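Beneath this line is the structure, given in structure tokens, with notes to follow.
All of the numbers you see were taken from the coordinates with simple rules; none came from a lab. Owing to the predicted nature of the structure, the values given are computational and were not obtained by experimental measurement. Cβ sites come from the backbone with ideal geometry, for glycine too, and all protein chains shown count toward neighbours.
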Amino acid sequence: MRKHIVAGNWKMNMTFSEADELLDELMSELEKVTLPRDTQVIVCPPFPYIEMASDYANDSYFTVGAQDVSEHEKGAYTGEVSAAMLESCEIDYCIVGHSERRAYHGETDAQVAAKVDQLLAHNLKPIVCVGEVLEERESGRQQEVVKRQVEGGLFHLDANQIQQVVIAYEPVWAIGTGKTATPDQAQEMHAFIRSLLKEKYGAAVADEISILYGGSCKPSNAKELFSNPDVDGGLIGGASLKAGDFMGIVTSF
């Protein structure tokens, strides 16, 4: 049975002391609740705070993920972080192909595929982001775009490998635009993504893959979003920076 996952992407936020305070608050809140066994909480801090987050995560209330990884194994790539480095830090997950990486750094589907391969080779689980921008949604090309991203980033994997992957759907058009993706729109795209997986790998494999929603999820809408049959949790941005808000989403299950 596939996991329910709530992953907090802190992006480029928090000083060291602020990160320490947030992690402490989050641990205090997690200690108060008993989560279902199929629910996984992931915290993805900036690289400088990964070791600190891992120290907190030793108590098994949450696991730690990274926000990106290099497509290269090692070498003269100043500023890059390799999958081998993350593995040596005992990191479990890593986000790749985030809409901000695609938009601001020109990340391609081929690069996403290479990063996925690096992570799997070093025993990390990729959280692979896909999603369309406003112009693509308004022109009715959202499924075409998402299909291209899913196929280009993931369909070189075999059935065993794809089961190590988490997919996150980001309706980029609904993030910071004043527009809102409804739960029905989220379910529609998640079901479409799962249909692509079923066509490629079969229903048994596709039904094991968690697909997260990454479009301004917050405590007020998380329960309704997560009640959809193909929405298995969320990749959380701004709401992950406040322990109370993040826990409000975590406990929506």
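Listed values, structure above:
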read-out	value
For peptides 198-205, 38-45, sequence by mean Cβ density within 10 Å, most packed first	38-45, 198-205
In the range 13-43, the GluC sites (Glu not before Pro) that fall in loop regions by DSSP, at most 15 other Cβ within 10 Å	GLU31
Calculated FRET efficiency for the pair THR182/HIS72, C-beta based, R₀ 41 Å, to 0.05	0.55
Extended-chain gain in nm, criterion 0.36 nm per residue less alpha-carbon gap, ASN160 and HIS105	16.8 nm
Alpha carbon convex hull of the chain, volume per residue in cubic angstrom	120
Dimensionless Rg over Rh [the range 38-81; C-alpha; Kirkwood]	1.08
Selection of trypsin sites (Lys or Arg not before Pro), the range 3-35, meeting DSSP coil and at most 10 other Cβ within 10 Å	LYS32
Loop-located trypsin sites (Lys or Arg not before Pro) in the range 114-143, at most 15 other Cβ atoms within 10 Å (DSSP)	ARG141
Fully extended contour minus Cα-Cα distance, from ALA204 to LEU134, at 0.36 nm per residue	21.9 nm
√(5λ) per eigenvalue of the Cα gyration tensor, the range 121-225, largest first, Å	24, 15, 13
5 angstrom amide H check on ALA181, placed H, neighbours 5+ away	none
Linear extension gain, ASN13 paired with SER220, 0.36 nm per residue minus alpha-carbon span	72.2 nm
Net charge contributed by nearby residues that have their C-beta within less than 12 Å of GLU107 (K/R +1, D/E -1)	-1
Computed E for CYS89/GLU21 - FRET, C-beta separation, R0 30 angstrom, nearest 0.05	0.85
Inter-site label distance for ASP55 and ASP38 at 7 Å from Cα along Cβ, in nm	3.6
Above-threshold pairs, the threshold being 21 Å between Cα atoms, out of LYS125/LYS218; LYS179/LYS218; LYS11/LYS125	LYS125/LYS218
